[in-house]
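Here is the structure we will look at, set down as structure tokens.
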Amino acid sequence: MSIPVEIAQGIESQLAAPLYGLHPKERQNSLLALLKKELAYACDRNPRFRNYAEHWPVDFHAAHTLADLPYLPVGAFKSNPPLALVNANEVKRTLTSSATTGQVPSRVVLDAETAKRMTKGVTTIIKDFIGPARRPYLVIDTPEKVNKQVELGARGAAIQGLGSFATEVICCLRGDPGGNTNLNLEKLLDCAAKWRETEVLAYGFTYVIWTQLVQPLQRQGITLDIPNVRLLHSGGWKRLEREAVTKDVFIAGVASVFGCSPDRVIDFYGMVENVGVVYPDCERGNKHVPAFAEVVVRNPLTLEPVAVGQRGLVQVCSVLPTSFPGFLVLTEDMAEIIDYNECPCGRRGTSFRFAGRVPKAEVRGCGNLETTRQKQGQGNGLHE
């Protein structure tokens, strides 16, 4: 089922807007108007969501700010069947976050149009940080993670999302018969020799990069000498912090083994429920919100938006999804608001810094990307 034309046009308009160039008030007004239409659409498509929205303290039709709109707690996406705004036969993929043993993963469904928008959103954001050129793409993971869609996690989705920048894709890890993963050093050194003068894109899960690439190379005293690499990484900080590996230590380690400057190592924050929007660090170490999204940081006790310099719970907002109600999601992550307008890097809009997980919140893992093989008529949560 196609979404209303005015919603489709509104989303395309936000995607086409200057990514980090809009005046905050202009961006807030356009997002608020579009999100109200998307919420109304979601209420029409899903009775469970409509019931939730109708019991919100503020009628979203009359809301004056994004912060007044009805947001879902991230735990709402752990429902089974997952919350959906499309029929079962329209679902092309289900994106599933992994969870620790005994925990229930989040599940979001993607139809063809939402999946296209998600890819466009990520590509547009990353392009602003590394440029549009295509280049060799080093994946710090195994080929199985890239090729077997049924078994791919959220890091696999990130790997695929960066594929549009690649002239070739090389995976530098390999699995052994015992199920362990290790570095394919011969392949990596061959690539390093070829790419010494080349712009290269590399991506990996933070913990995997550190344990499977940085530490083995450091132990052997090897420097790859790929000074023109742009290394993007996401996820896995909780496990590294337990090993006393800070962000500065991580960046210094990666830069030393690649032989690149530290500013070429870029961390980005993202999550399954906010798929299609990522928040890379700028050169000042701040994360920025694109024109088609917003971040509200809320006081953990009052849930009111915090002032500049204060920390709170992260609420992510996005106009991209129309196959599931992921427009406004309150996460279990903490962040500090740096500014609501400008950053010394030149990007406008909300800037923030990730500040860890809410105490005692379940540790999130990476995710699993499933190719959906649903039969027509299977439940999709629309009429539960």
Output the helices (runs of 4 or more DSSP H) that fall wholly within region 188-251 and possess 1 or more residues being farther than 19 Å from residue 174 by Cα, aromatic (Phe, Trp, Tyr) and open to solvent by 20 Å² or more (accessible area, probe 1.4 Å), or say none.
-> 237-242
Evaluate region 173-183: report whether one residue or more is open to solvent by less than 30 Å² (accessible area, probe 1.4 Å), under 30 Å from residue 92 (Cα atoms) and either modelled with pLDDT of 90 or more or of a type in the set (Gly, Ala, Ser) (or both).
-> yes
Residue count for region 224-246, restricted to those that are among the charged types (D, E, K, R) and touching a strand residue (DSSP E or B) at 6+ places or on another chain (Cβ under 7 Å) | 2
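Looking at region 302-340, which of its residues are among the hydroxyl-bearing types (Ser, Thr, Tyr), assigned to a strand (DSSP E or B) and more than 20 Å from residue 15 (Cα to Cα)?
Restricting attention to region 302-340, the residues satisfying the condition of being among the hydroxyl-bearing types (Ser, Thr, Tyr) are 302, 318, 322-323, 331, 340.
Filter again for assigned to a strand (DSSP E or B), leaving 318, 331.
Across region 302-340, the qualifying residue is only 331.
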Find the residue count for region 61-99, including only residues that are within 19 Å of the chain's Cα centre (by Cα) and under 30 Å from residue 26 (Cα atoms).
-> 4
Return the pairs, sorted by first residue and then second, in which the second residue is loosely packed, with under 13 Cβ neighbours inside 10 Å and assigned to a loop (DSSP other than H, G, I, E, B), the first residue lies in region 9-25 and is of a type in the set (Ser, Thr, Tyr), the beta carbons are less than 9 Å apart, and the residues are 6+ apart or on different chains.
-> 20/346
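Please verify whether residue 259 is on the phi > 0 side of the Ramachandran plot, under 19 Å from the mean Cα position of the chain (by Cα) and in contact (Cβ under 8 Å) with a residue 12 or more places away in the chain, treating the condition exactly as stated. Before you say what the answer is, go through the steps one by one.
Working: on the phi > 0 side of the Ramachandran plot: yes; under 19 Å from the mean Cα position of the chain (by Cα): no; in contact (Cβ under 8 Å) with a residue 12 or more places away in the chain: yes.
It is false that residue 259 is on the phi > 0 side of the Ramachandran plot, under 19 Å from the mean Cα position of the chain (by Cα) and in contact (Cβ under 8 Å) with a residue 12 or more places away in the chain.
On the basis of being under 20 Å from residue 127 (Cβ atoms) and at pLDDT below 95, does residue 283 make the cut? Steps first, please.
Numbers: under 20 Å from residue 127 (Cβ atoms): yes; at pLDDT below 95: yes.
In short, yes.
If you check 29, 51, which single one turns out to be over 23 Å from the mean Cα position of the chain (by Cα), more than 24 Å from residue 349 (Cα to Cα) and assigned to a helix (DSSP H, G or I)? Step through it out loud before you land on a result.
On the way: 29 fails: more than 24 Å from residue 349 (Cα to Cα).
Residue meeting the stated conditions: 51.
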Name the pairs: first residue in region 115-133 and open to solvent by less than 30 Å² (accessible area, probe 1.4 Å), second residue among the small types (Gly, Ala, Ser), Cβ to Cβ under 7 Å, at least 6 apart or on different chains?
-> 117/276; 118/276; 121/276; 122/161; 122/276; 123/164
Tabulated pairs, region 40-61, first over 17 Å from residue 3 (Cβ atoms), second open to solvent by 10 Å² or more (accessible area, probe 1.4 Å) and of a type in the set (Lys, Arg), C-beta under 8 angstrom, 6+ apart or interchain = 60/36; 61/36
Mind telling me which of the residues 82, 4, 73 ends up being farther than 27 Å from residue 97 by Cα and touching a residue at least 24 places away in the same chain (Cβ under 8 Å)?
-> 4
In region 290-302, which residues are open to solvent by 20 Å² or more (accessible area, probe 1.4 Å) and touching a residue at least 24 places away in the same chain (Cβ under 8 Å)?
-> 300
Residue in region 30-71 that is surrounded by the fewest Cβ atoms within 10 Å (Cβ to Cβ), counting only those that are of a type in the set (Phe, Trp, Tyr) and closer than 20 Å to residue 305 by Cβ | 56
Note on region 252-289: residues buried (at least 22 other Cβ atoms within 10 Å of the Cβ), touching a helix residue (DSSP H, G or I) at 6+ places or on another chain (Cβ under 7 Å) and in a loop (DSSP other than H, G, I, E, B) are 275, 276, 277, 278
Residue that is nearest to the chain's Cα centre (by Cα) [pool: residues in region 124-167 that are hydroxyl-bearing (Ser, Thr, Tyr) and modelled with pLDDT of 95 or more] | 124
Which is modelled with pLDDT under 95 and not in a strand (DSSP E or B), of 7, 3, 11?
-> 3
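Name the single residue that is least open to solvent (accessible area, probe 1.4 Å) among those in region 341-361 being outside any loop (DSSP other than H, G, I, E, B) and among the hydrophobic types (A, V, I, L, M, F, W, C).
Kept after step one, since they are outside any loop (DSSP other than H, G, I, E, B), are these residues of region 341-361: 342, 348, 351-357.
This time we only want the ones that are among the hydrophobic types (A, V, I, L, M, F, W, C), so: 352, 354-355.
Working: 352: 0, 354: 77, 355: 35 Å².
In this case the residue turns out to be 352.
The values are calculated or read from the model by the stated rules, or taken from the named source; none is laboratory data. Predicted model only: the values in this text are computed from it and were never measured. We place every Cβ from the backbone using ideal geometry, glycine too, and count neighbours over all the protein chains shown. Just so you know, the surface numbers come from the protein's heavy atoms only, side chains and all, with ligands and any DNA or RNA stripped out. Shrake-Rupley method; radii C 1.70, N 1.55, O 1.52, S 1.80 Å.
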